[in-house]
Amino acid sequence: MNQLGTFIQVMTEKEAVKEGMEISGGIRFCKVEKIQGSYVGSLYIPSRAKNRSHTGFYFRIEKDKIIFVDDSGKVLEWLKEMLKAGDEKQPELGIFFADFLEYLIKDDVIFITKLEHSLEELEDMVLEKGSDIPFNHEISGYRRKVSLFSHYYLQLADLSSILCEDDNHVFKEKEKRSFSLLTERVNRLHDETLMLRDYCVQIREVYQSLIDERQNEIMKLLTIVTTIVLPLSLVAGWYGMNFTNMPELTWHYGYGFIILLSIVITILNILYFKKKKKICRYAEQRKMMQKRF
């Protein structure tokens with residue numbers, strides 16, 4: 001067990017069990033409960049970096065001390081950094097715990113800003129390269145991360161609100177104000193993650209619209225090709241009937257005539273579609289001019 005200051009203790013799970021604390025494995029949430037005039041809870045801190053495990057630990061707040069239960073050593077490291085960077089005089093118990101929770105999210109504004117910039121770069125890639133990128137894998141990773149931190153901030157705000165209400169009468173008024181300010185800050189972070197979640201949806205919609213546009217172009221090309229080939233299919237079907245009295249069957253130039261006829265039909269169809277395209281483009285330009293004036 002490590003003693004930091006007058007009211008801070010850090011111990012392992014084995015030591016906590018010996019002290020009579022109930023430890024249930026598998027921390028996945030930030031929560032707090034009122035038990036016998038004290039507060040017992042857990043904190044689950046998501047990792048900001050890739051390929052790093054998340055951190056989970058327990059805590060117990062009594063009127064004269066705070067006990068942290070952690071096997072990873074992270075909490076002890078954070079507390080030492082926090083105490084080293086703070087004033088020599090230790091604040092009151094509730095203010096210290098509120099400062100500790102704020103220390104855990106001190107760089108999260110920068111983290112969210114970087115996450116937003118990454119999403120902007122992904123959107124630019126979608127607009128530039130279209131469907132030639134592994135979009136679904138990328139956007140799913142961002143969406144999961146944004147959702148994870150959104151739940152984290154929501155749970156942290158709920159935990160801070162419970163401590164601010166202080167039904168066990170452990171904290172003083174100025175300590176409650178510290179939790180109230182913390183709740184406001186965490187709620188702002190939660191709002192930012194909700195905006196990022198909506199942004200992920202918008203990027204997915206942009207990507208889907210580009211996919212739909214590309215599919216429409218392919219279908220348009222197939223339709224034009226089918227329309228051009230359709231008269232040739234009619235000619236082939238007509239002269240493929242092989243009736244006895246068909247004059248072209250015995251005509252010396254019949255084969256060449258059919259070849260020439262197919263070429264003429266193809267050229268006429270291509271010229272027709274080109275002219276039609278120019279007419280449509282002219283009509284669109286005219287509509288745009290009418291809207292301007």
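The values are calculated or read from the model by the stated rules, or taken from the named source; none is laboratory data. All of these numbers come straight from a predicted model, not from anything done at the bench. Here Cβ is always computed from backbone atoms with ideal geometry, including for glycine, and neighbour counts include all displayed protein chains. Each accessible area value is taken on the protein alone, full model and side chains, heavy atoms only, with ligands, DNA and RNA left out. Shrake-Rupley method; radii C 1.70, N 1.55, O 1.52, S 1.80 Å.
Relative to the Cα centre, the charge distribution of the chain, modelled as +1 at Lys and Arg Cβ and -1 at Asp and Glu Cβ, gives a dipole magnitude of about 1760 debye.
Treating the Cα atoms of segment 136-275 as identical point scatterers in vacuum, please give the log10 of the normalised Debye intensity I(q)/I(0) at q = 0.20, 0.21 Å⁻¹, two decimals. Debye curve over Cα of segment 136-275, log10 I(q)/I(0) at q = 0.20, 0.21 Å⁻¹: -1.12, -1.16. Near ILE66, the amide H atoms lying under 5 Å from its own belong to ILE8, GLN9; only residues 5 or more places off or on other chains count, and H is placed 1.01 Å from N. Of the peptides 235-244, 109-118, 186-195, the ranking by mean beta-carbon count within 10 Å, highest at the top, reads 186-195, 109-118, 235-244.
Beta carbons within 10 angstrom, averaged per residue: use that to sort the peptides 42-49, 93-100, 175-182, 133-140, highest first. Walk me through the numbers on the way to the answer.
Working: 42-49: 16.1, 93-100: 20.9, 175-182: 19.0, 133-140: 13.5.
Top of the packing list down: 93-100, 175-182, 42-49, 133-140.
Share of Cα-Cα pairs in segment 90-161 beyond 15 Å, in percent? Don't jump to the answer; show the numbers that get you there.
Working: 1693 of 2556 pairs.
Beyond 15 Å sits 66 percent of the P(r) for segment 90-161.
Size of the dipole of segment 103-223 about the Cα centre, Lys and Arg at +1 and Asp and Glu at -1 on the beta carbon, nothing else charged, in debye to 20? The partial results should precede the final answer.
Details: 16 positive and 24 negative charges, 61 e Å.
Dipole magnitude for segment 103-223 comes out near 300 debye.
Relative to the dominant Cα principal axis of the chain, helix 173-239 is inclined by about 10°. Segment 183-214 and segment 18-84 have Cα centres spaced 31 Å apart. Rounded to two decimals, the Cα radius of gyration of segment 1-116 over 2.2 N^0.38 Å is 1.09.
Report, please, the projected area of the chain averaged over directions, based on the convex hull of its C-alpha atoms, in nm². It would help to have the intermediate numbers written out before the result.
Details: hull surface 116.2 nm².
For the Cα atoms of the chain, the hull's average projected area reads 29.1 nm².
Protein heavy-atom accessible surface, 1.4 Å probe, per residue over the chain: 67 Å². I'd like the orientation of helix 135-165 relative to the chain: the angle between its Cα long axis and the longest Cα principal axis, in ° from 0 to 90, rounded to 10. That works out to roughly 30 degrees.
Relative to the longest principal axis of the Cα atoms of the chain, the long axis of helix 108-129 lies at roughly 10 degrees.
Structural descriptor for the chain: relative contact order 15 percent, calculated from alpha carbon pairs under 8 angstrom and at least 6 residues apart. Each peptide in 226-232, 250-256, 203-209 receives the mean, over its residues, of other Cβ atoms within 10 Å, and ordering these scores from highest gives 203-209, 226-232, 250-256.
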